[in-house]
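Everything on this sheet refers to the single structure shown next.
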Amino acid sequence: MGSQSHKAHPALVLFALSVGAFAIGTTEFASMSLLPFFSRDLHIDLPTAGHAISAYALGVVVGAPLIAAFAARLPRRTLLIALMAMFAVGNGLSALSPSYHWMLLFRFLSGLPHGAYFGVAALVAASLVPIEKRTLAIAKVMSGLTIATVLGVPVANWMGQILGWRSGFFVVCALAVLTMSLVALYAPRDAGDPKASPMRELSALGKSQVWLTLLTGAIGFGGLFAVYTYVASTMIEVTHVSETLVPLILIVFGLGMTVGNLVVAWLADRALNRTVIGILVWSAVALALFPFMAGNIWSLSLIVFLIGIGGGMGTPLQARLMDVAGDAQTLAAALHHSAFNIANALGPWLGGLSIAAGYGLVSTGWIGCALSLGGLAIYLVAIATARRSAQPALVPCE
């Protein structure tokens, strides 16, 4: 892997990959912030509009393992370009959605390449640097996603208010085309892996440590999405501030994610397990405080920033999957994003149930706290079982 990438300039490759992450992050998170706008335009209530978020997440969950397993032999550069082409088409169609049901279909299609793109991009990033720096390299790719929460999402939200919600999806389509060009220019040219096969990739599914790590992300990360999906509505209906302030709070959240992504990755390269445990505890506490801090714009800003830091959980879990997946690296890396998009579906769904049951918008914080604690419990089980089986890749990561 490393011999095929030595001619590529690592910084340029990471930048090209991060632009794709920026496009994906913009559409993933902007869709949540645009809920109040497209729910009105499509004449549906807020919990029903949240199903569009779940449809995208379902696309990720379905697409990641299928694409990773059946495209594992392709050169990674070629696969990345093809995935961004699919992503561009899906978001362009989303912008043209004539009705709620068409919107669901197009969001599902948009989600199909998401997990495989991030999985392959993470493997390319890790191949460019020494193993002790791989988590930070992955984090630099993922920084495109976190920067999207600072710049892309607020801009898309602002455009949604001024030009209509469809404009945000058109911008994402353009970003995807830009990514295709950059990857074609800078990504290392490789010949693919002739030994790869669907069965070899699917071997990852027989490893308990892979499943436990995926479950940690699927449950533990759901708390962030439970709150974030409804934060715009919370600001309008609970904090009682103008819609014009929503993009500013989204920027605050994005800053928290950006800080968390880089700091948590730096820590994980030194103590992987302790870092994952620490960030899950951090998220549980921050989410538990959300209901008490949502009534005031200043306290809401602080807690949204702290919740955003919890978004740094993704890169250490990606690194752990590389340790436990064996030869099935592509599928495991892609499934990581399936797991996080199960969280993306689970959090808003449970949050919507709580709101619909009459517990109020701030109850999403309690839902989020419970999900973070669930993820923590699963990860502790993963560590305990790894110690009992004395897997050498995991023991030094404490």
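The values are calculated or read from the model by the stated rules, or taken from the named source; none is laboratory data. All values reported here derive from a predicted model rather than from experimental measurement. No Cβ is skipped: glycine too gets one built from the backbone with ideal geometry, and neighbour counts run over all protein chains shown. Just the protein is used for accessible areas: all its heavy atoms, side chains included, with ligands, DNA and RNA removed. Shrake-Rupley method; radii C 1.70, N 1.55, O 1.52, S 1.80 Å.
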Residue 53 vs (1) crowded, with 18+ Cβ neighbours inside 10 Å; (2) modelled with pLDDT under 80: all pass except (2)
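Taking residue 126, is it in a helix (DSSP H, G or I) and either hydrophobic (A, V, I, L, M, F, W, C) or modelled with pLDDT under 85 (or both)?
So residue 126 fits the description; yes.
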Q) Can you spot a residue in segment 303-323 that is open to solvent by 40 Å² or more (accessible area, probe 1.4 Å) and either free of Cβ contacts under 8 Å to residues at least 24 places away in the same chain or more than 26 Å from residue 262 (Cβ to Cβ) (or both)? A) no
When every residue in segment 205-223 that is open to solvent by 10 Å² or more (accessible area, probe 1.4 Å) and assigned to a helix (DSSP H, G or I) is compared, the one nearest to residue 338 (Cα to Cα) is 214
When segment 63-83 is checked residue by residue, the ones that are among the aliphatic types (A, V, I, L, M), open to solvent by less than 10 Å² (accessible area, probe 1.4 Å) and farther than 18 Å from residue 127 by Cβ are 64, 69
Of the residues in segment 355-370, those that are in contact (Cβ under 8 Å) with a residue 40 or more places away in the chain and either among the polar types (S, T, N, Q) or out of contact with any Leu (no Cβ under 7 Å at 6 or more places or on another chain) (or both) number 8
Exactly one of 150, 155, 172, 141 is out of contact with any strand residue (DSSP E or B) (no Cβ under 6 Å at 6 or more places or on another chain), open to solvent by less than 30 Å² (accessible area, probe 1.4 Å) and within 20 Å of residue 249 (Cα to Cα), and that residue is 150
Exception for residue 237 within (1) open to solvent by less than 50 Å² (accessible area, probe 1.4 Å); (2) more than 28 Å from residue 136 (Cα to Cα) falls at (1)
Those residues of segment 229-243 which are out of contact with any Asp or Glu (no Cβ under 9 Å at 6 or more places or on another chain) and not aromatic (Phe, Trp, Tyr) amount to 229, 231, 233, 234, 237, 238, 239, 240, 241, 242, 243
Residues that are among the hydroxyl-bearing types (Ser, Thr, Tyr) and closer than 18 Å to residue 177 by Cα: does segment 115-128 have at least one? yes
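Matching residues to (1) at pLDDT below 90; (2) in a helix (DSSP H, G or I); (3) open to solvent by 30 Å² or more (accessible area, probe 1.4 Å); (4) within 23 Å of residue 24 (Cβ to Cβ):
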| residue | (1), (2), (3), (4) |
| --- | --- |
| 344 | yes, yes, no, yes |
| 348 | yes, yes, no, yes |
| 365 | no, yes, no, no |
| 396 | yes, yes, yes, no |
Conditions (1) touching a residue at least 60 places away in the same chain (Cβ under 8 Å); (2) under 27 Å from residue 72 (Cβ atoms); (3) among the small types (Gly, Ala, Ser) -> residue 181 fails only (1)
Of (1) of a type in the set (D, E, K, R); (2) buried (at least 23 other Cβ atoms within 10 Å of the Cβ); (3) within 23 Å of residue 222 (Cα to Cα), residue 45 fails just (2)
